[in-house]
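See below for the structure under consideration.
The values are calculated or read from the model by the stated rules, or taken from the named source; none is laboratory data. Just so you know, these numbers come straight off a predicted model, no measurement behind them. Please note: Cβ atoms are built from the backbone with ideal geometry, for glycine as well, and neighbour counts cover all protein chains shown.
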Amino acid sequence: MSSPDRMNPMHSRRRLLGLACAGMLAISTAGCFQPMYAETTPGAGPVLDQQFKDMEIAFAEGRVGNEVRNDLIFALTGGSGNPVGAPYRLLLNVSSTTSEAAVVSPLTGLPEVELVTVDVGWRLYDVGNLKTPVASGKAVGKASLDSGYQRFARARAIRDAENRSSGVVAEQIRTQLASYFLTRAPKS
């Protein structure tokens with residue numbers, strides 16, 4: 001019979017071989033990944049942050065459009081405001097819809113949950129050429145809310161859901177713009 005205190009030599013060799021394989025795999029893939037917001041050239045400074053600050057975000061129509069615009073300005077500049085005379089101009093086309101979810105109260109027959117969707121189409125223009133966009137994309141944000149029987153409480157809940165969706169959309173646009181600036185060819 002074997003003692004539980006003693007390790008089997010084959011078991012320890014397998015464990016050592018497994019750890020060595022895991023270590024080799026980690027070392028071999030260590031240089032394959034580049035963080036999205038990392039500096040691309042040494043000593044150049046935060047290039048992506050500067051490109052974000054070189055965008056003027058145009059006014060968007062409606063309360064939700066203004067909310068998306070404000071969230072996007074904060075996400076891109078960190079709160080320093082919308083730059084005037086920037087080399088890029090970002091145009092937003094914002095729409096918001098509210099729909100009823102499939103959850104219906106068995107007592108009243110009214111919907112208990114609603115879904116707010118904020119849809120944004122964006123286009124980035126070089127200020128020298130405002131006819132053809134250099135980049136474009138779409139972003140969608142969704143938030144749910146509990147429908148109430150009180151009219152004003154429901155209206156405020158819809159507004160809060162639109163604000164939450166606007167924040168989600170602003171982060172999606174920021175990520176799409178970061179991807180564009182990191183993958184485009186540098187100007188020479």
Provide a single number: the residues in segment 87-113 that are at pLDDT 85 or above and either touching a helix residue (DSSP H, G or I) at 6+ places or on another chain (Cβ under 9 Å) or outside any strand (DSSP E or B) (or both).
9
Based on what the data block shows, is residue 188 in contact with a Ser or Thr (Cβ under 8 Å, 6 or more places away or on another chain), at pLDDT below 90 and among the small types (Gly, Ala, Ser)?
no
Note: among 178, 170, just one is of a type in the set (Gly, Ala, Ser), surrounded by 13 or more Cβ atoms within 10 Å (Cβ to Cβ) and over 21 Å from residue 66 (Cβ atoms), namely 178
If the requirement is being among the acidic types (Asp, Glu), over 30 Å from residue 183 (Cα atoms) and modelled with pLDDT of 85 or more, which of these qualifies: 162, 56?
162
Quick check: anything in segment 130-148 in contact with a Pro (Cβ under 8 Å, 6 or more places away or on another chain), touching a residue at least 24 places away in the same chain (Cβ under 8 Å), surrounded by 17 or more Cβ atoms within 10 Å (Cβ to Cβ) and over 14 Å from residue 67 (Cα atoms)?
yes
All positions within segment 126-181 that are touching a Lys or Arg at 6+ places or on another chain (Cβ under 7 Å), more than 13 Å from residue 98 (Cβ to Cβ) and part of a strand (DSSP E or B)
136
